[in-house]
Amino acid sequence: MNTTPLRVQPRLNAEIPTALDQLPPVLARIYAARGVQHPDELELSLKQLLPAQDLLGLPAALDRLELALDQQQQILIVGDFDADGATSTALMMLALRDMGAQVDFLVPDRFKYGYGLTPEIVELAIANGQPDVIVTVDNGISSHAGVERAHLANIDVIITDHHLTSKQPPNACAVVNPNQPNCGFASKALAGVGVAFYLLAALATRRKQAGKPTSRLTDYLDLVALGTVADVAPLDRNNRILVAQGVRRINLRQCRAGVLALLAVARREPEQLTAQDLGFVLGPRINAAGRMDNMRIGIQCLIAESLAEAESLAQQLEQLNQQRRRVEAEMKQSALDLLAQRSLFEVQGIEDQQATVSLLPHAIVLYEPSWHQGVIGIVAGRLKEQFHRPSIVFAPSDSSCEVLKGSARSIAGVHVRDAIEQVAEQYQGMITHFGGHAMAAGLTLPAQHLEQFQQAFNQIVSAHAPELFEPVLLVDGELSAEEFSLDFAQRLAAAGPWGQAFPTPLFQGEFQVLEHRWLQDKHLKLMLRHPKGGQWLEALMFNAHQHIWPSEIRRIWLVYQVDVNSFRGESRVQLMVQHAEVRV
């Protein structure tokens, strides 16, 4: 029984396009609610991808890489320290090696050098053996100073990025970013790995036509799918093509040894992997390297040539992920304690009280000197999910605690990067660095400005419409008793890929409760029956908080996903409960 105040409303009130009439009615309304107008939009073959030539800056980038390849110049890939950056770096390394490049990579230690191509990173690159060309992946669009430092050392810079910017791009040799001003590429949703894929695919085609050593980029679509989903990139049609093709290759085990090794430590079978698993199973293990240590381990796992090498690295990533989980749990509890100490809550049991959310400010901004810089983004996300408020969590950038680094997560309708930019414009000099997306951003500021930032940020966020701060579950209607079949559940799973901006279908309905029991005193397992009959249905609700449930449950109203639970060769329908209300 989820007691957090929320509204449940249908995704779609408009009529379903007649072109979708050929589909089963449930699928037709699901697709229509996600903006699909014609069955042709569901064709996810690679030939349907948007053309690369629409990317601004692509010709200049191709020319410079061709020159580097032909003259055996040294290329250095400078990546980011998350899963998108890791997959982008691995993709660049593998494809350029195929083409005969002299190439290496450098990932900044986030705790020493911060984000992007900074002058310090360029200095490090020079000290390690000066490259002729630096190629950024998943970063660089705001790295003006770093590009200038590279120019002074006669190093050409090619920027590949996808982050938003309100300024003109740096004066690089080439900038490839669909979100830069005047870029005509129709999709603005590419992740960093998607941008790298487009550049490399165009380069591979050019070299193939010239009879030069090339690369088959389709071999690396598992990396593209992983980075895209892990970065929570919106799954528009173009990204759904990339993700669907990558997932298919993993299902067939036609993927990197590192991906297979990561699945093994997570005890998941490649044949059963879904797009959502990329974000919830593989992504966190790759991200753990950048959060707790250095992303080099994650990249090395993804480019490992043998399964034995990949397995050793995957075990290291698993250990880092376990460490990350422990730190995350401690930090989240500390954050909840901070909120309670500020008298934001009148009662104990923060997670379970309906009154608490109304006591919160419109934005949550928290800081604690002991917090781990690598985990603040996850904790911000947890707070955002629990309280449905834009949340920013800060940690000190070093032991002096004079400079703070913050990670922000937001809710639909509140563009967090733009809100941070408004603060920066209103208070010149308060924020030293910032960047990101609508739903996630990062920033740096002197500790002395934290309280002023907190007030200014909350003021900007609170100007948004009040209804944005009420959690809403958008549902795809109800299902008949006949639709709870394994065939329907499997068709639904295959109808994706589901993810950001193309969400997994949610249904609502009332059921009879035949049995219920608790797992580990916090997860609720239910055996249900549809009011109009049919088979017994198994349902599972995680973190249901046993103490707030009545001892006897006869009827229950649920918001749920339909899943396929496969175990020891047997598959059956399982409902994954997102919200529940006991009916008397």
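Take Leu12, project a point 7 Å from its Cα along the Cβ direction, then tell me which residues of segment 458-483 have their backbone nitrogen under 11 Å from it. In segment 458-483, the label zone of Leu12 (backbone N under 11 Å from the point 7 Å along Cα→Cβ) covers 476-477. Taking every DSSP beta bridge that has both ends in the chain, the antiparallel portion is near 65%. Averaging Cα coordinates gives a centre for segment 406-463 and one for segment 525-582; these two points are 40 Å apart. Global dimensions of segment 135-231 from alpha-carbon coordinates: Rg and Dmax equal 14.4, 41 Å. Could you tally the net charge around Asp156, taking each other residue with its Cβ under 9 Å from the Cβ of Asp156, Lys/Arg +1 and Asp/Glu -1? Residues close to Asp156 contribute a combined charge of 0.
As a ratio to 2.2 N^0.38 Å, the alpha-carbon radius of gyration computed for the chain takes the value 0.99. Cross-link reach is defined here as a Cα-Cα straight distance under 18 Å, omitting same-chain residues fewer than 8 places apart; for Lys522 the aspartates and glutamates meeting it are Glu351, Asp352, Glu538, Glu552, Glu581.
With a/c under 1.5 counting as rounded, go ahead and sort segment 1-87 into rounded, prolate or oblate using the C-alpha gyration tensor (a ≥ b ≥ c being the square roots of the eigenvalues; past the cut-off, prolate if a/b is larger than b/c, else oblate). It is oblate, given that a/c is not under 1.5 and a/b is not larger than b/c. For the chain, the dipole from Cβ point charges (+1 on Lys and Arg, -1 on Asp and Glu) about the Cα centre works out to 740 debye, to the nearest 20.
From the alpha carbon centroid of segment 49-116 to that of segment 269-327 is 21 Å. Straight-line reach from Lys112: taking Cα to Cα under 28 Å and skipping same-chain neighbours fewer than 8 places apart, the lysines in range are Lys167, Lys332, Lys384, Lys405.
Treating the angle as unsigned and between 0 and 90°, give the value, to the nearest 10°, between the Cα long axis of helix 307-341 and the longest Cα principal axis of the chain. The helix 307-341 is inclined about 60 degrees to the chain.
Just to confirm the number: angle between the C-alpha axis of helix 221-230 and the first principal axis of the chain, 0 to 90 degrees, nearest 10? That works out to roughly 60 degrees. Working note: Cα gyration tensor of segment 372-509, eigenvalues times five, square-rooted, sorted largest first, giving semi-axes of 38, 17, 12 Å. Each other residue within a Cβ distance under 10 Å of Arg64 adds +1 if Lys or Arg and -1 if Asp or Glu, for a net charge of -4.
Taking the charge dipole of the chain about its Cα centre, with +1 at Lys and Arg Cβ atoms and -1 at Asp and Glu Cβ atoms, the residue from Ser399, Pro10, Met576 reaching farthest to the positive side is Met576. Extension gain, Arg342 to Gln74, is 91.0 nm, computed as 0.36 nm per intervening residue step minus the present C-alpha separation.
Extension gain for Gln428 to Lys47 (0.36 nm times residue separation, less C-alpha to C-alpha distance): 132.4 nm. In plain terms, the chain from Arg491 to Ser370 could stretch by 38.8 nm, reckoned as 0.36 nm per residue minus the Cα-Cα distance. Please report the net charge: other residues with Cβ closer than 10 Å to the Cβ of Ile431, K and R +1, D and E -1. Around Ile431, the surrounding residues sum to -2. The three principal axes of the C-alpha atoms in segment 40-146 carry coordinate ranges of 51, 34, 24 Å, sorted with the longest axis first.
Counting only DSSP H runs of at least 4 residues, each contributing -39500 (n - 2.57), and dividing by the residue count of the chain, the helix-based mean residue ellipticity at 222 nm comes to -11500 deg cm²/dmol. Axis of helix 376-387 versus longest Cα principal axis of the chain: the two differ by about 30°, to the nearest ten degrees. Using Cβ point charges alone (K and R +1, D and E -1), the dipole size of segment 1-73 about the Cα centre works out to roughly 540 debye.
Gyration tensor analysis over the Cα atoms of segment 450-584 returns equivalent ellipsoid semi-axes of 33, 20, 15 Å (largest first, whole Å).
DSSP beta bridges confined to segment 366-427 are antiparallel in about 75 percent of cases. In the full protein context, segment 208-354 carries 45 Å² of accessible surface per residue, based on a 1.4 Å probe and ignoring ligands, DNA and RNA. Each of the peptides 246-258, 38-50 was scored by the mean count of other Cβ atoms within 10 Å over its residues; in descending order, highest first, they stand as 246-258, 38-50.
The values are calculated or read from the model by the stated rules, or taken from the named source; none is laboratory data. Owing to the predicted nature of the structure, the values given are computational and were not obtained by experimental measurement. Using ideal geometry, Cβ is built from the backbone for each residue, glycine included, and neighbour counts are taken over all protein chains shown. Ligands, DNA and RNA are excluded from the accessible area calculation, which covers all protein heavy atoms including side chains. Shrake-Rupley method; radii C 1.70, N 1.55, O 1.52, S 1.80 Å.
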